[in-house]
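Visitor: Mind looking over this structure? Questions follow.
The values are calculated or read from the model by the stated rules, or taken from the named source; none is laboratory data. Note that the structure is a prediction, hence the values are computed from the model and not measured. When we count neighbours, we look across all protein chains shown, and the Cβ atoms used for this are built from the backbone with ideal geometry, even at glycine.
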Amino acid sequence: MNCQQAQRTISRQLDGEASVRELLALKEHLERCCQCSVFANDLGRLTGVLRNSNVESAPESVTFVVQERLSRLKREGERRYSLNRTRWTASSVLRQLAAALRECWLARSLRTLGRREVYIAAACAAVFVLGLVVSVRVHYDRSHTSVVEATVAASTAQVLTLSAMDPLDDVTIVNNLSRSARDVHAMVH
Amino acid sequence: MMEGAADRDAILVTRCQSQEQSAFDEIVLLYQDRIFSYIRHMVASREDAEDLTQEVFVRAYCGIQTFRGHSSLQTWLFRIATNLCVDWLRRRKTTQTVSPPLECLSSSGSVIAEEPSCSELDPFVLLAEEELKARVLEALHLLPERLKTVLVLHEVVGLPYAEVASIVRCPLGTVKSRMFQARVALRSLMLPYLRGEVKTVDRPQ
């Protein structure tokens, strides 16, 4: 065993990983090598100091400050979540309104609305107002259900408006319904 | 880590993921002392160690929803702590000049005690031991961060090599090799003190 091997074995010995054979060879080496003997003593002493270095307890303020920071984070997160949801819902409702108005304008320019269309348009407006009310509620109660309600209301408003404009076109109605369902699904997940 | 502790941690993580605030408080109480002690050995200032300990738990809280249990909770927390310490040490290195050599760290520059041979209750022996401990901790801060990390995790915190390897994301052989290098480097830094060239405690005649 040369000095380099001896020093690695000393390190392994400190970890309890040296084999009996290695330890015997090391003992033999240390008896005739003063330098490695000193190395072994130094390493043993330093390792002892490190292993017994006092484990300082964390100051009590750590727990308190962590809890304080976490509750602040939670409050901020909830506020941001609520604000984003409200913005999203409001923009969604406004988008549906714009689409509905455009459809109304086009339909009005093409033909005069019949009694049935007027009723449906009124229902549309009611549902749209409901959507707006619900989206405002989202801001206050922050519940997921309210966000879904708002989306359903806005989507239904659009479907009703479109079907009022062209009640015989079943394909359009089905397409719009499926788009609404996709919107709601995206909202929920 | 013991099986019981692993099971306890898994339950705590599940409770945290179910938004149970008290479970995270328990995690903080369970690990804050060990994490603080680790960071205290990694960074020189106590105030910085406190700030970094808080940051570890805040980051853990933010990330616990995505914690999948591929490693133990303890390993995960120590990994966060290690990353924070390494970032902090690197940032600090860019704003600080080179650390002074160990010989310059002596406050009085006076004479060291003889190798203690009397009773362990001898106040001078105890003083010399305390002095040695303080010197070792000062020398730790002069080690390169990759050596210091494994040395503190293994020797001070008492984690097994396999867990240290998982924390620093290195092969086991690399960790053992770094450990040997760290011991040799620490001894080199402490050599003037150990040989009595830097002496700090006077024993009255």
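Visitor: Say whether the condition of being within 14 Å of chain A (Cβ to nearest Cβ), assigned to a helix (DSSP H, G or I), within 22 Å of B:V136 (Cβ to Cβ) and among the small types (G, A, S) is met by at least one residue in the stretch B:15-28. First the steps, then the outcome.
Guide: Of the residues in the stretch B:15-28, the ones within 14 Å of chain A (Cβ to nearest Cβ) are B:16, B:19-28.
Right, trim to assigned to a helix (DSSP H, G or I) and you get B:16, B:21-28.
Checking the rest, the ones that are also within 22 Å of B:V136 (Cβ to Cβ) come to none.
There is no residue in the stretch B:15-28 that is within 14 Å of chain A (Cβ to nearest Cβ), assigned to a helix (DSSP H, G or I), within 22 Å of B:V136 (Cβ to Cβ) and among the small types (G, A, S).
Visitor: Further, regarding this structure: Which one of the conditions (1) closer than 23 Å to B:A185 by Cβ; (2) modelled with pLDDT of 85 or more; (3) among the acidic types (D, E) does B:D51 fail to meet, given that it meets all the rest?
Guide: (1)
Visitor: Name the single residue, out of those in the stretch A:41-62 being surrounded by fewer than 20 Cβ atoms within 10 Å (Cβ to Cβ) and not in a helix (DSSP H, G or I), that is modelled with the highest pLDDT.
Guide: Checked the stretch A:41-62; the qualifying residue modelled with the highest pLDDT is A:N52.
Visitor: Additional query: So B:V152 fits all but one of (1) buried (at least 22 other Cβ atoms within 10 Å of the Cβ); (2) within 19 Å of B:E129 (Cβ to Cβ); what number is the exception?
Guide: Looking at each condition in turn, B:V152 falls short on (2).
Visitor: Just to be sure before I move on: is B:I64 assigned to a helix (DSSP H, G or I) and either within 30 Å of B:E138 (Cβ to Cβ) or among the small types (G, A, S) (or both) in the structure I sent? Step through it out loud before you land on a result.
Guide: Values: assigned to a helix (DSSP H, G or I): yes; either within 30 Å of B:E138 (Cβ to Cβ) or among the small types (G, A, S) (or both): no.
Spelling it out, it is not the case that B:I64 is assigned to a helix (DSSP H, G or I) and either within 30 Å of B:E138 (Cβ to Cβ) or among the small types (G, A, S) (or both).
Visitor: In this structure, does B:L102 turn out to be within 25 Å of B:E47 (Cβ to Cβ), modelled with pLDDT of 85 or more and within 14 Å of chain A (Cβ to nearest Cβ)?
Guide: Spelling it out, it is not the case that B:L102 is within 25 Å of B:E47 (Cβ to Cβ), modelled with pLDDT of 85 or more and within 14 Å of chain A (Cβ to nearest Cβ).
Visitor: I've got another one for you. Could you list all residues from the stretch A:1-35 that are part of a loop (DSSP other than H, G, I, E, B), over 51 Å from the mean Cα position of the chain (by Cα) and surrounded by 12 or more Cβ atoms within 10 Å (Cβ to Cβ)?
Guide: A:M1, A:C33
Visitor: Going through A:V66, A:V38 one at a time, which residue ends up being outside any loop (DSSP other than H, G, I, E, B) and buried (at least 18 other Cβ atoms within 10 Å of the Cβ)?
Guide: A:V66
Visitor: Assigned to a helix (DSSP H, G or I), of a type in the set (G, A, S), touching a helix residue (DSSP H, G or I) at 6+ places or on another chain (Cβ under 8 Å) and buried (at least 22 other Cβ atoms within 10 Å of the Cβ): does that describe B:A182?
Guide: yes
Visitor: Could you please find all residues in the stretch B:18-33 being surrounded by 20 or more Cβ atoms within 10 Å (Cβ to Cβ) and not polar (S, T, N, Q)?
Guide: The answer is B:F24, B:I27, B:V28, B:Y31.
Visitor: Condition (residue is within 13 Å of another protein chain (Cβ to nearest Cβ), part of a helix (DSSP H, G or I) and over 22 Å from the mean Cα position of the chain (by Cα)) applied to the stretch B:71-88: is it met by at least one residue?
Guide: Checking the stretch B:71-88: not a single residue is within 13 Å of another protein chain (Cβ to nearest Cβ), part of a helix (DSSP H, G or I) and over 22 Å from the mean Cα position of the chain (by Cα).
Visitor: Filter the stretch A:38-52 down to the residues that are more than 7 Å from chain B (Cβ to nearest Cβ) and of a type in the set (D, E, K, R) and list them by number.
Guide: A:R45
Visitor: Next question. Mind checking which residues of the stretch A:53-63 are of a type outside the set (S, T, Y) and at the interface with chain B (Cβ under 7 Å from one of its Cβ atoms)?
Guide: Within the stretch A:53-63, the subset of a type outside the set (S, T, Y) is A:54-56, A:58-60, A:62.
A:V55, A:E56, A:A58, A:P59, A:V62, listed by residue number.
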